[in-house]
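What follows is calculated from the coordinates using simple rules that are stated; it is not laboratory data. Since this is a predicted model, take the numbers as computed values, not measurements. Counting neighbours? That spans all protein chains shown, and the Cβs are built from the backbone with ideal geometry, glycine included.
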Amino acid sequence: MIEIRYQRILFFQALFLFLLGTFVYNFFKKSFGLHVGASFWSVYLLVWFVFIFFNLLFIKFFALPTKGLLKKLESTVPPDDLSWAVIEDSLSKRDVHHQIIQSEYEIENLKYKILLDSLHDPVCIFNKEEMILYSNHAFNSLFSLPEQAAKSSLLEVTRNLYFQDFIKKSVESSEVQKINEFSFNPIQDSFKKFFEIKVFPLKNIQNYLIIMHDVTERKMADQMREDFVANFSHEVRTPLTILNGQMQALKLNLEKKPEFSAEFKPTFEKIDNNSRRLINLFNDLLRLTSVEKKKDLEREEVSLEMLAETLADEIAHNYPNKKIHFSFDFKVPTVMVDYNLFEQVMINLIDNAIKYSKNEGEVKISSSSQENSTMIEISDNGVGIPEDQHHRIFERFFRVDASRSSEIEGTGLGLSIVKHIIQKHDGKIKVASRPGGGTVFTISLPASK
């Protein structure tokens with residue numbers, strides 16, 4: 001259906017055309033005396049109907065749809081005051097959401113602050129400019145800082161050149177940095193404190209976290225143990241050495257008298273063997289204590305081939321009943337090490353390899369290069385070590401049970417000494433072994449530059 005107003009428009013258009021045609025007809029008739037016949041009216045009526053028809057099409061397919069679209073648009077656009085109300089409401093909700101996020105962030109920060117403040121270990125967060133962003137109570141107390149120590153220079157606070165170098169190294173690196181032992185004299189204390197320090201780069205690599213673990217008590221306990229072992233070993237080893245010497249002299253005198261020799265020889269041999277075992281034990285204790293106390297290494301270039309072949313020949317003479325075959329393969333001929341310490345490593349490992357090898361066994365000593373490390377291997381085809389005891393063989397006084405050590409002498413300190421020396425050289429040592437399948441010790445040392 002066509003709306004009333006469109007019907008009126010069509011009516012007035014039709015009336016206008018009719019009146020226009022009548023005016024034209026009368027005008028030509030009066031002015032020029034022309035007479036228009038039936039053909040004129042036929043053409044006129046045809047034009048009139050065509051005009052009306054196209055008007056109807058225009059109204060139906062353009063005017064009405066356009067009006068509906070305008071109405072729909074008018075219904076979707078709110079008034080100006082309503083638009084501003086919607087915008088204000090949206091902004092208000094955004095502000096509330098922002099406040100909620102801000103509150104949650106502050107709560108999380110408060111949780112972390114409470115957690116860090118409750119720690120006994122000094123903790124500090126600093127940025128790349130080495131300015132303190134946060135420090136807990138323990139850190140402030142250690143360095144006599146006010147509770148609000150933020151924006152203070154970390155280097156001015158610590159006033160320690162070694163610590164400053166460590167911090168600069170940590171900032172330049174994106175990896176965790178560690179100091180195993182850092183000594184510090186707090187202002188409020190008269191005695192020195194020792195700390196194990198770690199620096200962790202945070203996720204954005206713009207800030208860093210320091211954790212200082214107080215190891216003073218452990219350090220003092222270790223020092224007391226080392227002093228006791230050193231003093232005790234020295235005091236006991238001296239009389240034992242004298243007794244062993246006197247025993248050897250007495251044994252030689254008794255051997256000159258056949259009537260006493262047969263009777264007392266087994267007894268003297270037992271005394272001799274056990275006194276030597278005690279002397280070896282105290283020697284190893286002193287050696288271990290000496291290694292632990294040694295701070296600076298006297299590094300030099302050492303020929304692996306010359307050292308290994310010389311020691312293998314010397315140690316083999318201590319086991320005349322074993323015919324050991326040695327093989328050497330040194331792809332890396334030299335290492336930069338402290339000669340005296342590294343010699344002890346090779347003595348202990350070669351001695352173990354021979355000691356636990358079978359008669360006519362084989363001992364292989366080799367070196368190779370792997371990435372930035374020099375790898376040294378000492379392997380044997382002896383009795384082997386059970387896998388469940390691999391993690392304990394570097395402990396002090398630990399000896400593998402059963403057939404491996406039941407009839408073989410040892411102090412249980414040799415491999416502990418080896419591990420300490422290798423660690424002093426910033427290296428690592430690991431073991432691969434199985435019962436009856438031999439043992440391989442692999443040393444990894446930083447490659448010589």
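Can you give the FRET efficiency for Thr442 and Arg225, using 1/(1 + (r/R0)^6), R0 = 22 Å, r = Cβ-Cβ distance, to the nearest 0.05? Mind dumping the intermediate values first?
Details: r = 30 Å, r/R0 = 1.35.
Once the sixth-power term is evaluated, E becomes 0.15.
Given H placed 1.01 Å from N in the peptide plane, which residues other than close sequence neighbours of Asp338 have an amide H under 5 Å from its amide H?
Long-range HN contacts for Asp338: Glu300.
How large is ³J(HN,Hα) for each residue in the range 360-365, as worked out from phi by the Karplus curve 6.51 cos²θ - 1.76 cosθ + 1.60 (θ = phi - 60°), to whole Hz, x for Gly and Pro?
Couplings: 6, x, 10, 10, 10, 10 Hz.
Taking the Cβ of Lys364 as the centre, find all other residues whose Cβ is under 11 Å away and add up their charges (Lys, Arg: +1; Asp, Glu: -1).
Values: positive: none; negative: Asp329, Glu362, Glu377, Asp380.
My count for the surroundings of Lys364 gives -4.
Counting other beta carbons within 10 Å of each Cβ, put Thr334, Thr241 in order, fewest first. Numbers along the way, then the final one.
Working: Thr334 17, Thr241 14.
The most exposed by this proxy come first: Thr241, Thr334.
Could you size up the charge dipole of the range 220-292 around its Cα centre, putting +1 on the beta carbon of Lys and Arg and -1 on that of Asp and Glu, and report it in debye to the nearest 20?
On the way: 10 positive and 11 negative charges, 72 e Å.
In total the dipole reaches around 340 debye.
Once you've got the Cα coordinates, tell me which of Lys168/Lys428; Lys358/Lys419; Lys128/Lys178 are over 23 Å apart.
Values: Lys168/Lys428 27 Å; Lys358/Lys419 25 Å; Lys128/Lys178 18 Å.
From the list (Lys168/Lys428; Lys358/Lys419; Lys128/Lys178), the Cα-Cα distance tops 23 Å for Lys168/Lys428; Lys358/Lys419.
Using 19 Å as the Cα-Cα cut-off, could you pick out the over-long pairs in Lys295/Lys430; Lys323/Lys364; Lys169/Lys192? Show your work: numbers first, answer last.
On the way: Lys295/Lys430 24 Å; Lys323/Lys364 14 Å; Lys169/Lys192 25 Å.
With Cα atoms farther than 19 Å apart: Lys295/Lys430; Lys169/Lys192.
Only counting other Cβ atoms within 10 Å, I'd like Val236, Val335 sorted with the fewest neighbours first. If you can, show how the numbers build up before the last one.
Details: Val236 15, Val335 23.
If I rank by nearby Cβ atoms, fewest first, I get Val236, Val335.
Could you work out the local net charge near Val229, counting Lys and Arg as +1, Asp and Glu as -1, over the other residues with Cβ closer than 13 Å to its Cβ? Could the numbers behind the result be given before it?
Values: positive: Arg225, Arg237, Arg287, Lys293, Arg396; negative: Asp222, Glu226, Asp227, Glu235, Asp284, Glu292.
Around Val229, the charge tally is -1.
If packing is taken as the average count of other Cβ atoms within 10 Å, what order do 323-333, 340-350, 368-378 fall into, highest mean first? Can you show the working numbers first?
Numbers: 323-333: 13.6, 340-350: 20.8, 368-378: 15.4.
In descending order of packing, they fall as 340-350, 368-378, 323-333.
From the phi angles alone, apply the Karplus equation (6.51, -1.76, 1.60; θ = phi - 60°) to the range 264-279 and give each ³J(HN,Hα) in whole Hz, x where the residue is Gly or Pro.
Karplus values, whole Hz, x for Gly and Pro: 9, 4, x, 5, 5, 5, 5, 4, 5, 4, 6, 5, 5, 4, 5, 5.
What does the charge dipole of the range 283-348 about its Cα centre add up to, to the nearest 20 debye, if the Cβ of each Lys and Arg holds +1 and the Cβ of each Asp and Glu holds -1?
On the way: 8 positive and 13 negative charges, 58 e Å.
Dipole size: approximately 280 debye.
Tally Lys and Arg at +1 and Asp and Glu at -1 over the other residues with C-beta under 10 Å from the C-beta of Ile417: what net charge comes out?
On the way: positive: Arg287, Arg396, Lys419; negative: Asp284, Glu292.
In short, +1.
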